[in-house]
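Visitor: This is the structure I want to talk about, given as structure tokens.
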Amino acid sequence: NPVLGQIWYNTTSQTLKGQNLSTVGSWSSGGTMAEAKTNFAGAGTQTAALAFGGTGPGTGTESYDGTSWTNLGSIFSQDVGNNAGCGTQTAALSFGGQPPPTATAGTSEFDGSSWTAGGNLVVTTLRAAGAGTQTAGLKVCGSPGSAPYNSNDTQEYDGSSWTTSGNYPHITKDLGACGTQTAAVAFGGDSPVPTETNEYNGTSWTSGGALPIGRNQCKGFGIQTAAVCMGGGPTPAGITTTLLYDGSSWTAGTNALSFIAAFATAKNGTQSAGLIFGGEGPPPTGASQE
């Protein structure tokens, strides 16, 4: 009757064995958002999440308490779609995005009640991935909004300004990411290598275990050694399979209730307590899944 986490060493065969964490899990319906949203960003945890920016009927800020969503009003200082985000419900960071007709370098900080302007990104961007916290944020790839349309830049935020760091291995956008500024993982994305996974150590990127199937417009939450990849293409109906990362390889978990493109996640969610919300539908939706 082995217990999770126990390990044994056989001195004769010189082998080590352990009791693994089961990958069996399940998704259930959560509270419905006050406004349907798509192409927006999220932050926080399963029981304290934040949604902000986006396109469609709703562009305001909403908070989630694990049961229901509360509309905090259109207080987002830059009502943009395709923005990226990170942080917590009371200390969130939004950056980049697409106010018509092009991309922005704007950054906004949330304190639990209102947004204020932060330091601009080094370059304009939209459809980037975000990780980290408000005072130690990470921006990965994205599009500058004009030719060459994709980028491989990595930028770090210290609470007031952005600086460039080690380039991502490929020029891409629409990838998923999670973790911290010094221990992040990014995966999927637009061509040329939508199956790749890369790990960041605060300075440079190294290759990790490949995704079982290439994905773009996917989302992530968790940490570098216990990450979740959700959604994405390329099939027209999308992918509902949940993928779990252990720091070296991906395994399939249970399917989400339905696939919804252009949704957001509680970035600080965990493999055992995640949250996805909103999305394209069509039409745009305010549905949540836990």
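The values are calculated or read from the model by the stated rules, or taken from the named source; none is laboratory data. Remember, it's a predicted structure, so these values are computed and weren't measured experimentally. Cβ placement follows ideal geometry from the backbone for every residue including glycine, while neighbour counts extend to all protein chains displayed. When the accessible area is computed, the model is the full protein with side chains, heavy atoms only, and any ligands, DNA or RNA have been set aside. Shrake-Rupley method; radii C 1.70, N 1.55, O 1.52, S 1.80 Å.
Visitor: Which of (1) touching a Leu at 6+ places or on another chain (Cβ under 8 Å); (2) under 21 Å from GLU35 (Cβ atoms); (3) part of a strand (DSSP E or B); (4) among the small types (Gly, Ala, Ser) is the odd one out, the single condition SER113 does not satisfy?
Guide: Result: SER113 fails condition (3) only.
Visitor: Can you name the residue in segment 194-214 that is without any contact (Cβ under 8 Å) to a residue 40 or more places away in the chain and farther than 19 Å from LYS139 by Cα and, of all such residues, is surrounded by the most Cβ atoms within 10 Å (Cβ to Cβ)?
Guide: Across segment 194-214, the extreme among qualifying residues is LEU211.
Visitor: Are there any strands (runs of 3 or more DSSP E) wholly within segment 1-90 with 2 or more residues that are modelled with pLDDT under 90 and open to solvent by less than 80 Å² (accessible area, probe 1.4 Å), and if so which?
Guide: 15-18
Visitor: Do any residues in segment 162-179 that are within 25 Å of GLY269 (Cα to Cα) have Cβ atoms under 6 Å from those of residues that are surrounded by fewer than 24 Cβ atoms within 10 Å (Cβ to Cβ) and of a type in the set (Phe, Trp, Tyr), where the two are at least six apart or on different chains, and which pairs are they?
Guide: What qualifies is TYR168/TRP205.
Visitor: Filter segment 128-153 down to residues that are part of a loop (DSSP other than H, G, I, E, B), without any contact (Cβ under 8 Å) to a residue 40 or more places away in the chain and under 17 Å from ASN167 (Cβ atoms) and give me whichever is most open to solvent (accessible area, probe 1.4 Å).
Guide: TYR149
Visitor: Among the listed residues SER26, SER74, identify the single one that is more than 19 Å from the chain's Cα centre (by Cα), of a type in the set (S, T, N, Q) and over 17 Å from GLY222 (Cα atoms).
Guide: SER74
Visitor: If ALA227 satisfies all but one of (1) under 17 Å from ASN39 (Cβ atoms); (2) buried (at least 23 other Cβ atoms within 10 Å of the Cβ), what's the number of the condition it fails?
Guide: Evaluating ALA227 over (1) under 17 Å from ASN39 (Cβ atoms); (2) buried (at least 23 other Cβ atoms within 10 Å of the Cβ) leaves (1) as the failure.
Visitor: Here is a check on your reading of the model: is SER191 open to solvent by 30 Å² or more (accessible area, probe 1.4 Å), assigned to a loop (DSSP other than H, G, I, E, B) and closer than 21 Å to GLY142 by Cβ?
Guide: Criteria met by SER191.
Visitor: Please tell me if LEU121 is over 23 Å from GLU280 (Cβ atoms), in a strand (DSSP E or B) and either touching a residue at least 12 places away in the same chain (Cβ under 8 Å) or open to solvent by less than 20 Å² (accessible area, probe 1.4 Å) (or both).
Guide: no
Visitor: Exactly one of (1) within 26 Å of ILE260 (Cβ to Cβ); (2) touching a Leu at 6+ places or on another chain (Cβ under 7 Å) is unmet by GLN134. Its number?
Guide: Just one mismatch for GLN134, condition (1).
Visitor: Out of all the residues in segment 91-110, which are at pLDDT below 95, out of contact with any Ser or Thr (no Cβ under 6 Å at 6 or more places or on another chain) and part of a loop (DSSP other than H, G, I, E, B)?
Guide: PRO99, PRO100, PRO101, THR102, GLY106
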